[in-house]
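A.B. asks: Take this structure, written in structure tokens, and hold onto it; I'll ask about it next.
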Ligand SMILES: [Zn+2]
């Protein structure tokens, strides 16, 4: 459940962390939505399809297992209801988004749904625009989900598109809301940890590395998949080049091996089990082999990685040298390692540079994680996935449905009865629920359920929020 893309709005002021007030019972911020900084022309930011045929062609080119654009009347009805909910809850962001997006069904075995990464658009090719469509893997539809659960899921995916919360500039705004304050989940973006300025100082740092390094460094995944931007580049390289077929197959092998090492993935907790010597050796072998493969089949492109990153981030080509305030700080932090690599290997190809930069960033993150003064588990981060969950709660509430829809889906359809019971018991007993360890922007399912339950309750205090009785919870 991810989305990628970009935005170029760097001008609007971002609230500094210090000015954030501690939560009050009827928190005004809770009762309004974040300013996502969108310019109000949907035409510039989305790729719309004339008809289902065109949407189908677009998806087929990117997902070989594409099956069809859904014509299921139930899914169409749920999608229409969710679209109406977005118009109520996010009227500003919905301007120009007059029709619900088509739903592409893909025959991929993983029960998943996701928005697609932005594609290059605009006259100079540097703009990234989001395709107005999202993908549902067929197994997800075979889990017997209720209307409420599917609405929650659709709202989460549509939030990625409508809010463009995978865009670099929007994520920088979201990062500003990742504060640690005393109080409860009444604060719209949540804060379960006690206020601690020491921790606060680390947030931008960890966010930068989290966004760039991605997940599971212990499993050497980052050597291959180092954050969405690299992933995009690597996927494009692999898909577009028959000489990379063997490398693509090895990547698949690596993914399978990594999944075996994630025993709690079924509850959304990507906490790897310790790898045996043999497994670790196999991880290392595959990783190295994939990197070698990418470097040799990855073409002759020697473009500066830093320059390329600036383009991908939606910044003007000279942005690396410009002052972009808070956003620039984050970008600079992420670019430091890449600039060093550029300097060290000026003649290297793009893939060769990626092969150098990703493990280095992983080392940085691992060092941070091992540092006792850097209590990574205590850091509360607000990012696009939580934003999409929170948005889904607002949307479902606006149409009279249960705001916890997406969490109910996770709990009822993806967890076992035992895991669900354990989660409900922990919440009832007031025990701490696992927040995850920043390996994944998706938080553990139980935490998402607890959070959305609290948010749903808090939203009840907001009489000014739009409500309707468009649907029946179910
Ligand atoms: Zn998502």
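Readers should treat all values here as calculations from the given coordinates under stated rules, not as data from a laboratory. Model, not experiment: these values are computed from the prediction. When we count neighbours, we look across all protein chains shown, and the Cβ atoms used for this are built from the backbone with ideal geometry, even at glycine.
A.B. asks: At a 10 Å Cβ-Cβ cut-off, how would you order 459, 384, fewest neighbours first?
C.D. replies: Least to most surrounded, the residues fall as 459, 384.
A.B. asks: Order the peptides 99-112, 141-154 from the highest to the lowest mean number of other Cβ atoms within 10 Å of their residues. Before the final figure, lay out each step's value.
C.D. replies: Details: 99-112: 17.4, 141-154: 20.4.
Packing proxy ranking, top to bottom: 141-154, 99-112.
A.B. asks: While we're here: When the chain is fully extended, how far beyond the present Cα-Cα distance does residue 292 get from residue 421, taking 0.36 nm per residue of separation?
C.D. replies: On the way: separation 129, 0.36 × 129 = 46.44 nm, distance 4.61 nm.
Between residue 292 and residue 421, full extension yields an extra 41.8 nm.
A.B. asks: For 90, 345, what's the fewest-to-most ordering of other Cβ within 10 Å of each Cβ?
C.D. replies: Working: 90 23, 345 16.
Lowest count first: 345, 90.
A.B. asks: Now for a different question. Starting from the Cα-Cα distance between residue 75 and residue 54, subtract it from 0.36 nm times their residue separation and give me the gain in nm to one decimal.
C.D. replies: Values: separation 21, 0.36 × 21 = 7.56 nm, distance 1.96 nm.
Value of the extension gain: 5.6 nm.
A.B. asks: Could you sort the peptides 258-264, 291-297, 129-135 by per-residue average Cβ neighbour count (10 Å cutoff), highest mean leading? Spell out each step's value before the answer.
C.D. replies: Numbers: 258-264: 16.4, 291-297: 19.7, 129-135: 23.1.
Top of the packing list down: 129-135, 291-297, 258-264.
A.B. asks: If each of residue 303 and residue 32 carries a label point 7 Å out from its Cα toward its Cβ, how far apart are those two points in nm?
C.D. replies: Spacing of the two 7 Å Cα→Cβ label points: 4.0 nm.
A.B. asks: When the chain is fully extended, how far beyond the present Cα-Cα distance does residue 253 get from residue 143, taking 0.36 nm per residue of separation? Spell out each step's value before the answer.
C.D. replies: Numbers: separation 110, 0.36 × 110 = 39.60 nm, distance 2.67 nm.
Gain in length upon complete extension: 36.9 nm.
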